[in-house]
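Here the structure is laid out as structure tokens; the discussion comes afterwards.
The values are calculated or read from the model by the stated rules, or taken from the named source; none is laboratory data. What you are looking at is a predicted structure, and each value in this text was computed from that prediction instead of being measured. Quick reminder, even Gly has a Cβ in these numbers, built from the backbone with ideal geometry, and neighbours come from all protein chains shown. What goes into the accessible areas is simple: the full protein's heavy atoms, side chains included, and nothing from ligands, DNA or RNA. Shrake-Rupley method; radii C 1.70, N 1.55, O 1.52, S 1.80 Å.
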Amino acid sequence: MYSAKVMDHFEHPRNVGEIENASGVGTVGNAKCGDIMRIYLDIDENQIIRDVKFKTFGCGAAVATSSMATELVKGKSIQEAMQVTNKAVMEALDGLPPVKVHCSLLAEEAIHAALWDYAGKHDIKIEGLEKPKADIHEGEEEEEEEY
Amino acid sequence: MEKLIYLDNAATTKTAPEVVEAMLPYFTEDYGNPSSVYGFAAKNKSAVDEQREVIAEALGADAREIYFTAGGSEADNWALKAAAEAYESKGRHIITTKIEHHAILHTAEYLESRGFEVTYLDVDENGVVRLDDLRAAIRPDTILISVMYANNEIGTLEPVVEIGKLAHENGILFHTDAVQAFGQIPVNVDACHIDLLSASGHKLNGPKGIGFLYIRKGVKIRSFVHGGAQERKRRAGTENVPGIVGLGTAVKRAVRTMEERTEKERELRDYLIGRVLAEIPYCRLNGHGTERLPNNANFSFRFIEGESLLIRLDMKGICGSSGSACTSGSLDPSHVLLAIGLPHETAHGSLRLTLGEDTTREDLDYVIDSLKEIVAGLREMSPLYEDYIKKNK
Ligand SMILES: Cc1ncc(COP(=O)(O)O)c(C=O)c1O
């Protein structure tokens, strides 16, 4: 069902992890629908993305699109990172099954959310960047269960 | 693939070699049409009759009460649609549950669109229908109660004896989808007051695309497929003779091996459940602790998603299934897991492992070891796990 590229990125995801004191962090998606992506960006004073890490809760495509998105923005300028659309992520992965296209959108949104966070912290405006949809529910629907 | 550990026997099973062997002559040698007059076809007719006897005996029924269908879904459709039609002058209310297979649920929805009223009973946290709820749902115009014998996802056994009794006392027809139960646990239609029962060949080491509907004598259900006079004029179509022979052979075999096979499966199932719960943190068993199918284990692992888990298991040659949205083809996780009260997130992280007659303890040890590694790896990657750990530090 998945392309060899998707499987490769799922099996060996690039840039998994966290960045302490990251320049920007973005989390999108929600657990209800079964995918959450979090992207950490380390951006230097020239507005170049020096490092990027991700964590994802989700299906194979969610993991692969996050992994590919981090590869595509690493070492790029902020403006270049803005050009990394869901289409670009999909193309780089040799396509996704139609039901998984939303995963690539989520990857794009995660990058944007992290950039938005960075822009807010540094009080700058990034052209073309809009406030991310706040559809993650922090702390909502807490687990009551005992394990 | 070098290694294959198949733990998805609730999805389908391997057709037993003995079953295939019994079927083969009916393709190339004894291929006559059972309805034909000449002697050449006589063997086919008697083969079909013989299998009907075998199945009837397994259920404590009469051979004339067994109607062959093209599988469990058709039997479910037939039971609901035909019962609704036959009894609508008495009433238009049907009771079923929220955890039925889609072959029942979507048929019930169809009947709703045709003006029937359907009550979908809730279940408790183990997936068991509450008899008080059922009692309260019964109305003067209730014509049919359909409750599955055993659930296909979480393996929970329903109190069919009590449900049948209630239906019987109230003069309501009782249908049960026994697709998962038949061949795994003893089923007797009289003891449970069952009027209609669906079963399928491919869940009990028989072929796919063949099953049957048991219709109790006197239940006035009409034809579902119109045409020739096959199946006592209730289900037209030239009999799938090889399929019927395969089904009958599989049933005979399942009855013969049931005690020994399921005893072994129960032991292995409990070994699997015990080790997983003990060795993997933030994990729960879904379904009833003891009142469950001998071969079913269903877990939820918090902070991870089921499809990822399945692909990682597949890479290690292990076949399982999940109730996550990504594997159900919709945005919501399994309706069964939601019905037992799991939050969406936990339902997305579910894994069903259903053992087969060939499953060994060594297989399970390999699966458990793989599972520990995979779950830990996916959690390392999970933002939900990260948040949880930070919050509880
Ligand atoms: C409980 C239940 N009912 C019905 C069916 C459908 O049976 P079949 O695949 O033979 O149509 C299944 C199989 O998935 C099942 O598990």
In the range B:365-393, how many residues are β-branched (Val, Ile, Thr), surrounded by fewer than 20 Cβ atoms within 10 Å (Cβ to Cβ) and in contact (Cβ under 8 Å) with a residue 40 or more places away in the chain? 1
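With the structure loaded, tell me whether residue B:153 is more than 30 Å from residue B:231 (Cα to Cα), loosely packed, with under 15 Cβ neighbours inside 10 Å and assigned by TED's automatic domain parsing to the domain that holds residue B:58 or whether it fails that test.
No.
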Cβ pairs under 7 Å, 6+ apart or interchain, first in the range B:166-185 and under 29 Å from residue B:269 (Cβ atoms), second among the charged types (D, E, K, R) and more than 16 Å from the ligand (Cβ to nearest atom), ordered by first then second residue, are B:174/B:195; B:175/B:195
Can you report the number of residues in the range A:87-104 which are at pLDDT 95 or above and in a helix (DSSP H, G or I)? 6
Of all residues in the range B:215-245, how many are assigned to a loop (DSSP other than H, G, I, E, B) and under 22 Å from residue B:188 (Cα atoms)? 6
Name the residues in the range B:145-202 that are within 12 Å of the ligand (Cβ to nearest atom), part of a strand (DSSP E or B) and over 30 Å from residue B:17 (Cβ atoms), would you? B:146, B:156, B:175, B:176
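To keep it simple, each residue is scored yes or no on (1) within 30 Å of residue B:98 (Cα to Cα); (2) assigned to a loop (DSSP other than H, G, I, E, B).
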residue: B:298; (1), (2): yes, no
residue: B:303; (1), (2): yes, yes
residue: B:314; (1), (2): no, no
residue: B:347; (1), (2): yes, no
Taking the options B:73, B:89, name whichever one is over 22 Å from residue B:180 (Cβ atoms) and either of a type in the set (Ser, Thr, Tyr) or open to solvent by less than 70 Å² (accessible area, probe 1.4 Å) (or both). B:89
Can we say residue B:117 is of a type in the set (Asp, Glu), at pLDDT 95 or above, open to solvent by 10 Å² or more (accessible area, probe 1.4 Å) and out of contact with any strand residue (DSSP E or B) (no Cβ under 6 Å at 6 or more places or on another chain)? no
Are there any pairs, at least 6 apart or on different chains, whose C-beta atoms fall under 9 Å, with the first in the range B:28-56 and within 14 Å of residue B:242 (Cβ to Cβ) and the second among the hydrophobic types (A, V, I, L, M, F, W, C) and not in a helix (DSSP H, G or I), and if so, which? B:48/B:68; B:51/B:66; B:51/B:68
Among the residues of the range B:1-23, which ones are within 19 Å of residue B:206 (Cα to Cα), open to solvent by 60 Å² or more (accessible area, probe 1.4 Å) and not in a helix (DSSP H, G or I)? B:6, B:14
